[in-house]
1. Give the residues of the range A:374-409 that are out of contact with any Lys or Arg (no Cβ under 9 Å at 6 or more places or on another chain), surrounded by 19 or more Cβ atoms within 10 Å (Cβ to Cβ), more than 24 Å from B:Ile110 (Cα to Cα) and away from every other protein chain (no Cβ under 11 Å), sorted by residue number.
2. Please work out if A:Ala130 is part of a helix (DSSP H, G or I), surrounded by 20 or more Cβ atoms within 10 Å (Cβ to Cβ) and in contact (Cβ under 8 Å) with a residue 40 or more places away in the chain.
3. Give me the residue from the range A:300-325 that is under 19 Å from the mean Cα position of the chain (by Cα) and of a type in the set (Val, Ile, Thr) and, out of that set, farthest from the other protein chains (Cβ to nearest Cβ).
4. Take the residues in the range B:118-135 that are touching a Phe, Trp or Tyr at 6+ places or on another chain (Cβ under 9 Å) and closer than 27 Å to A:Arg391 by Cβ; name whichever of them is surrounded by the fewest Cβ atoms within 10 Å (Cβ to Cβ).
5. Being open to solvent by 20 Å² or more (accessible area, probe 1.4 Å) and not aliphatic (A, V, I, L, M) is the filter here, so list the residues in the range A:87-97 that pass it.
6. Does the range A:43-58 hold any residues that are more than 7 Å from chain B (Cβ to nearest Cβ), farther than 22 Å from A:Trp193 by Cα and either part of a helix (DSSP H, G or I) or touching a Phe, Trp or Tyr at 6+ places or on another chain (Cβ under 9 Å) (or both), and which are they?
7. In the list B:Val82, B:Val27, which residue meets the criterion of being hydrophobic (A, V, I, L, M, F, W, C) and outside the structural domain of B:Leu129 (by the TED database)?
8. Going residue by residue through the range B:87-100, is there one that turns out to be open to solvent by 20 Å² or more (accessible area, probe 1.4 Å), within 14 Å of another protein chain (Cβ to nearest Cβ) and not in a helix (DSSP H, G or I)?
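The values are calculated or read from the model by the stated rules, or taken from the named source; none is laboratory data. Everything numeric here is computed off the predicted structure, so don't read it as measured data. Neighbour counts run over all protein chains shown; Cβ positions are idealised from the backbone, glycine included. These accessible areas exclude ligands, DNA and RNA; they are computed on the full protein's heavy atoms, side chains included. Shrake-Rupley method; radii C 1.70, N 1.55, O 1.52, S 1.80 Å.
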Amino acid sequence: MKYSSQKVAYAYFVAALGLFAIQVLVGLIGGWIYVSPNFLSELLPFNIVRMLHTNALVVWLLLGFFGAAYFIIPEESEREIHSVKLAYIQLLILVVGTLGAVVSYIFGIHEGREFLEQPLWVKVGILVAALIFLFNISMTVLKGRKTAITNILVIGLWALSLLWLFAFYNPANLSLDKMYWWYVVHLWVEGTWELVMASILGFLMLKLTGVDREVIEKWLYIIVATALFSGILGTGHHYYWIGLPGYWQWIGSIFSTLEVIPFFLMMTFSFVMVWKGRKNHPNKAALLWSLGSATVAFFGAGVWGFLHTLHGVNFYSHGTQITAAHGHLAFFGAYVALNLAVFTYAMPMLKGRNPYNQVINMGSFWLMTGGMSFMTFVLTFAGTIQTHMQRVVGEDFMTVQDQLTVFYIMRFGAGAAVVLGAILFIYSVLVPRKELFTETSGSKPVTGSNPEAQAVLEGGR
Amino acid sequence: MSEFLTKSRARNIFYGGSLFFIGIFAVLSIDSHLYVVNESTAKAPLTDEVVLGKHVWEKHSCINCHTLHGEGAYFAPEVGNVMTRWGVLDDPDDAAETLGSWMESQPSGIEGRRQMPYFKLTEEEVRGLSEFLRWADKTNTQDWPPNDAG
């Protein structure tokens with residue numbers, strides 16, 4: 001760690017990990033309700049469970065992005081963060097807002113648009129926090145060295161914050177409501193978030209592989225260009241059946257097919273950089289998560305997205321378990337795994353110690369990735385049967401669902417593996433191991449002295 | 001490729017291309033907005049009852065179990081065409097009555113069956129929700145869903 005203000009990231013990562021734990025545990029409850037529907041049905045109905053699961057996910061991913069930005073930007077801009085105090089105030093607002101939202105959801109107080117259920121005061125809090133954040137990082141970046149990594153990261157974060165404004169606009173006309181709702185939801189995860197993902201991935205590749213910056217930055221611009229060229233009009237794949245014009249069926253089909261490209265490029269980029277790079281970085285777990293993220297994102301977002309994106313297919317598969325399968329693997333690969341990659345990379349430096357027990361961390365990667373993949377497969381099978389029986393044959397919804405129990409049981413098992421993996425991950429990054437470094441000894445290891453550990457402390461140089 | 005496509009060229013393509021696609025998206029959005037208002041949802045008037053119904057729909061977060069035009073959770077049936085499924089699409093009184101008695105009988109408490117919570121709705125709210133669902137059912141959704149099962 002070269003700049004002391006990077007330490008801010010630690011608080012963000014810890015908060016994110018806390019919410020991550022809540023997210024997967026609540027997800028497990030949701031998975032169990034599918035198997036045993038009377039479970040908690042009076043106390044914590046499924047709609048509240050799902051709200052907690054999805055909201056916790058989105059907020060912890062954002063906290064991770066913010067933390068990653070605070071970690072990356074000083075190093076890229078070669079200067080301290082503009083205001084450390086503002087960064088902590090921003091985090092405080094987000095944590096209070098999040099806890100407030102969680103408590104009010106449990107008591108049934110929420111707004112009613114999917115994923116945007118936050119009470120108004122929380123929405124405003126998120127906006128204020130975003131403004132503080134934008135001010136803080138923009139000031140840092142403007143005064144410092146300009147790189148493609150910070151440029152793309154800041155553009156992505158600015159754009160996602162501006163799009164948040166659409167969360168405040170809820171027209172009485174349902175079709176208009178849905179159309180603008182996607183401005184937040186789609187243009188986040190299939191637009192601006194991809195910019196954030198690409199720049200973070202670029203940073204990790206720069207540090208972990210030692211490939212020349214020029215090469216990495218050119219790749220980055222190509223990746224984000226393909227992301228936005230396909231992703232903006234790719235919004236059309238959500239506009240097929242909600243009361244919008246028929247031309248979206250063609251625009252959506254064509255451009256969302258192209259949405260596979262940025263994910264393919266990110267995967268190719270990561271592997272090419274690792275092959276080209278000569279550096280043997282000691283933080284193997286961070287490299288595993290980075291490559292894993294790019295790969296699983298390609299399958300989850302790219303392949304599983306394409307699976308049901310053509311309008312002729314989507315006419316039958318829209319809103320079935322196919323969508324659930326895609327959603328789970330896409331979010332895990334693209335955004336969960338990427339965040340966990342940054343945490344894994346940065347935590348040793350933030351805590352001033354060796355790369356922790358990497359075996360546990362890497363084990364958690366395989367448990368979570370295996371679990372999510374299995375979950376995706378069984379939900380895809382369930383969705384295929386559902387699509388045929390309900391949409392083609394015309395059987396009643398619940399009659400079909402009753403036939404799918406075996407898949408929901410397997411999904412629950414897969415979810416349990418993911419939860420176990422998450423717990424192992426949190427343990428591996430938060431609980432200190434033996435090889436501690438003291439701040440005062442000039443980053444010299446107290447015990448377990450070795451050059452590799454020194455390299456990790458100094459950001460892999 | 002590496003000589004022709006320099007970093008700054010790649011950056012300019014990214015900026016220029018993104019602005020181009022944002023422009024197209026903005027134009028199509030305006031066109032779609034007008035289409036919704038003037039065509040796809042013009043068949044049924046957006047009455048106060050419908051607006052109240054949308055509010056009831058949101059207040060109880062129905063979307064986190066059901067789908068509406070295929071969007072939402074996949075835990076409970078599609079309701080974008082529920083009025084067609086019940087055969088009450090063009091009969092507001094019958095629709096409100098059917099919906100009201102359905103809501104009143106929840107939760108079923110049957111073991112092994114997905115449970116819908118009991119929502120304490122006033123008569124007005126039931127009427128509003130029913131009008132909202134009838135309104136949504138009349139939206140031109142390009143003939144989706146494929147059949148009445150939703």
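1. A:Thr376, A:Thr380, listed by residue number.
2. Here the answer is no, as A:Ala130 does not meet what is asked.
3. So the first thing to find is which residues in the range A:300-325 are under 19 Å from the mean Cα position of the chain (by Cα), and the list is A:300-305, A:323-325.
From what's left, of a type in the set (Val, Ile, Thr): A:303, A:323.
Values: A:Val303: 20, A:Thr323: 7 Å.
In this case the residue turns out to be A:Val303.
4. So the residue we want is B:Phe132.
5. Listed by number, the list holds a single entry, A:Tyr88.
6. A:Ile48, A:Val49
7. None of the others qualify; the one that does is B:Val27.
8. No, the range B:87-100 has no match at all.
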